[in-house]
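**Student:** Once you've had a glance at the structure underneath, I'll fire off some questions.
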Amino acid sequence: MAKKVKKSDFIATGQVAANRRASFDYALEETFIAGIELMGTEVKSLRLGKASLTDTYGSFSNGELFIENLKIEPYSNRGYEKHDPLRKKKLLLTRHEIDKIIGAMAKKGYSLIAKKLFFDEHGRAKLEIALGRGKKLYDKREAVKERDIKRSLRGL
């Protein structure tokens with residue numbers, strides 16, 4: 001039997017999930033806020049905070065943008081309706097933003113990365129995405145070195 005969910009367990013506004021490795025693995029250049037096309041049970045599961053942004057990436061087909069590998073756990077109190085946790089989800093952006101992102105992704109080395117999943121002040125699920133280039137190993141080492149220097153200066 002499914003666990004009883006109280007209304008106080010739900011997230012009305014605020015952050016649901018964040019991809020903390022995005023800024024470490026990628027040099028992020030431009031960010032966008034996109035809506036996501038979701039099913040009802042996916043929204044309920046998001047309100048319980050059951051989402052993961054690890055290994056998510058953006059793709060495009062037929063002039064539309066999709067986010068892949070955004071894992072949203074199945075809602076425990078679902079009835080007959082259920083969803084695939086890893087299905088492709090359509091991103092809702094303006095045509096100008098879509099064209100800009102597709103143009104940049106067509107260039108060599110640019111990727112669409114999910115940074116943060118949250119509910120806005122109107123209660124709608126939004127995804128903060130960014131265009132970025134993959135960092136080389138020496139860039140990552142430099143970032144770790146800078147972080148350690150800042151940490152040691154803060155401690156003094």
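Here, each number is a calculation from the coordinates, and none is a lab measurement. On a predicted model such as this, the values are computed, not experimentally measured, just so you know. Note that each Cβ is placed from the backbone with ideal geometry, even for glycine, and that neighbours are counted across all protein chains shown.
**Student:** Do the sum for the chain: with -39,500 (n - 2.57) for every DSSP H run of n ≥ 4, divided by all residues, what is the mean residue ellipticity at 222 nm, to the nearest 500 deg cm²/dmol?
**Tutor:** Calculated at 222 nm, the ellipticity per residue is -8500 deg cm²/dmol.
**Student:** Under a cut-off of 18 Å between alpha-carbon atoms, report the aspartates and glutamates in cross-link reach of K71, not counting same-chain residues fewer than 8 places apart.
**Tutor:** Of all the aspartates and glutamates, those that pass the test against K71 - Cα under 18 Å, at least 8 places apart if same chain - are E37, E42, D55, E81, D84, E128.
**Student:** Mind ordering 36-43, 127-134 by average Cβ neighbours within 10 Å, highest first?
**Tutor:** Ranking the peptides 36-43, 127-134 by packing returns 127-134, 36-43.
**Student:** Further question on the same structure: Of the residues A12, A106, A22, which exhibits the maximal mean-square fluctuation in a Gaussian network model of the chain defined by a 10 Å Cα contact cut-off?
**Tutor:** A106
**Student:** Let me ask something else. Looking at the stretch 24-147 from every direction and averaging, what is the projected area of its Cα convex hull in nm²?
**Tutor:** The number I arrive at for the stretch 24-147 is 9.2 nm².
**Student:** Return the FRET efficiency for the residue pair A27, K82: r is the Cβ-Cβ distance, R0 is 30 Å, and the value is rounded to the nearest 0.05.
**Tutor:** After rounding to 0.05, the efficiency reads 0.20.
**Student:** I149 to K108: extension gain in nm, 0.36 nm per residue of separation minus the Cα-Cα distance?
**Tutor:** 11.5 nm
**Student:** Here's something else I'd like to know. Using 28 Å as the Cα-Cα cut-off, could you pick out the over-long pairs in K50/K107; K100/K135; K50/K90; K88/K108?
**Tutor:** Violating the 28 Å Cα-Cα cut-off are K50/K107.
**Student:** If I take R0 = 22 Å and measure r between the Cβ atoms of R133 and Y57 in this structure, what FRET efficiency does the formula 1/(1 + (r/R0)^6) give, to the nearest 0.05? Don't skip to the answer; put the middle values down first.
**Tutor:** Numbers: r = 13 Å, r/R0 = 0.61.
After rounding to 0.05, the efficiency reads 0.95.
**Student:** Which of the aspartates and glutamates could a cross-linker bridge to K140, judged by Cα under 12 Å and excluding same-chain residues fewer than eight apart?
**Tutor:** Output for K140: D25.
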